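Structure, as structure tokens:
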Amino acid sequence: MISLVVATRNRVVELERLLSSLDAQAFKDFEVIVVDQNADERIVPVLQKHCTLTIHHLRSAPGLSRARNVGLRAARGEIISFPDDDCWYPNQLLVRVIEWFDVHPEYGALFTGIRNPEGRLMAPKRAPGPGPCTRKNVLSCVVSCTGFLRRRVTDVVGFFNQKIGVGSASRYQSGEDLDYFLRPLTHNFRVWYEPTLTVYHAELQSIERLRRTAYPYALGVGYVLRTHGYSWCCLSGFLLRSFGGAAISLCKADLPRAHVFLIRGIGQGWGYIFGPRELESVVDSPTGNG
């Protein structure tokens, strides 16, 4: 069985789209663990509409990492995944994932490609071709909603870091997924990236979204690079792309995008240098079901 842990907050139409895509899956042996962070009952009618699915409706205080940890504790499947509430699956995805794991028992985790509604491969932009993930290329092929992990992996790597990620108590609003998916490599599990498999997602690169998220997300990335022992040389590659992108956008007179690149570079550097010290003082006090 596959356990799909879906943390959701403030989205109804998007959650309906995801559940509809799960209803249409050719493979049926899965459970959907919906971890609800809304203060009201807005998603209840959506869940009731999909009565043919095995849905477990749980509650959690805000915080993406906290919600996923709630879902992890409840998951019963031998394969566990963390679809975003605004992503959706093609009909054959779960069949192909199960087939892939059956053929590759030596691998502990699988990551698919992520595409926009038009089918364009979105992120990461410099993703490698199909192949094993390493400490070097995993930075270019890990997106949380595309990961499928065997239970033997999640049992070893544990839970998400609740001090970082969207909705956490800190200003480090990303990096929890990269941190989590680096841990299998640390424990010598084998991980594969297969971009011919697809998870669909709403567009990630709109300028409005980037302006809102660039700095707090960059802080998290810088922090994770530091805590996982990546060198200054690795960080410099991130900074070069960020500040180089700012320069190129400035030359094109694209001031909003130049600003995004600039603050992203600043955030990456700050998170790398100061993140571990800043997060020492962050107190993550679990509330609710978290």
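Key figures for this structure:
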item	result
Å² of accessible area per residue within the chain, as computed with a 1.4 Å probe and no ligands counted	45
Within straight-line cross-link reach of K49, aspartates and glutamates at Cα separation under 17 Å, skipping those fewer than 8 residues along the same chain	E14, E16, D23, E31, D36, E41, D85
The chain: angle of helix 64-74 to the longest principal axis, Cα-based, in degrees nearest 10	30
Isotropic mean projected area of the C-alpha convex hull, segment 18-99 (nm²)	5.3
Accessible area, probe 1.4 Å, largest first, for residues F181, F274	F274, F181
Structure-derived percent of Cα pairs over 36 Å apart: which label, when the choices are (i) 13; (ii) 16; (iii) 23	(i)
Separation in nanometres of the label points that stand 7 Å from Cα toward Cβ, at A169 and N38	2.7
Whole-percent carbon and sulfur share, accessible surface of the chain, 1.4 Å	57
Gaussian network model of the chain, springs between alpha carbon atoms under 10 Å - residue of D36, D102, D86 with greatest fluctuation	D102
From phi via Karplus (6.51, -1.76, 1.60), per-residue ³J(HN,Hα) for segment 109-115 in Hz, x at Gly/Pro	8, 9, 10, 9, x, 10, 10
Environment charge of L53, counting only residues whose C-beta is closer than 13 Å and scoring Lys/Arg +1, Asp/Glu -1	-2
Accessible surface of D23 - all protein chains present, 1.4 Å probe, nearest 10 Å²	50
Where only C-alpha atoms are counted, convex hull volume of segment 166-290 per residue in Å³	159
Phi-based couplings in Hz for segment 93-107 (Karplus 6.51, -1.76, 1.60; Gly and Pro marked x)	4, 5, 4, 5, 5, 4, 4, 5, 5, 5, 7, 10, x, 7, 9
Calculated FRET efficiency for the pair T134/V283, C-beta based, R₀ 51 Å, to 0.05	0.90
Segment 39-55 - phi-based ³J(HN,Hα) in whole Hz, Karplus 6.51/-1.76/1.60, Gly and Pro as x	7, 10, 9, 4, 8, 4, x, 5, 5, 5, 5, 9, 6, 7, 7, 8, 10
Solvent-accessible area of S20 with every protein chain in place, 1.4 Å probe, in Å² to the nearest 10	50
Dipole of the chain [Lys/Arg +1, Asp/Glu -1 at C-beta], most positive-end residue of P216, G71, Y89	P216
Between 0 and 90°, nearest 10: helix 13-23 axis offset from the chain longest Cα axis	50
DSSP bridge pairs, the chain: antiparallel proportion in percent, nearest 5	35
Euclidean distance of C-alpha centroids, segment 140-177 and segment 27-60, integer Å	21
Under-5 Å amide H pairs with R115, H placed in peptide plane, nonlocal only	M122, V199, Y200, H201
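The values are calculated or read from the model by the stated rules, or taken from the named source; none is laboratory data. Just so it is clear, the structure is predicted and the values come from calculations on it, not from any experiment. We place every Cβ from the backbone using ideal geometry, glycine too, and count neighbours over all the protein chains shown. Side chains are part of the model used for accessible areas, which takes the heavy atoms of the whole protein and leaves out ligands, DNA and RNA. Shrake-Rupley method; radii C 1.70, N 1.55, O 1.52, S 1.80 Å.
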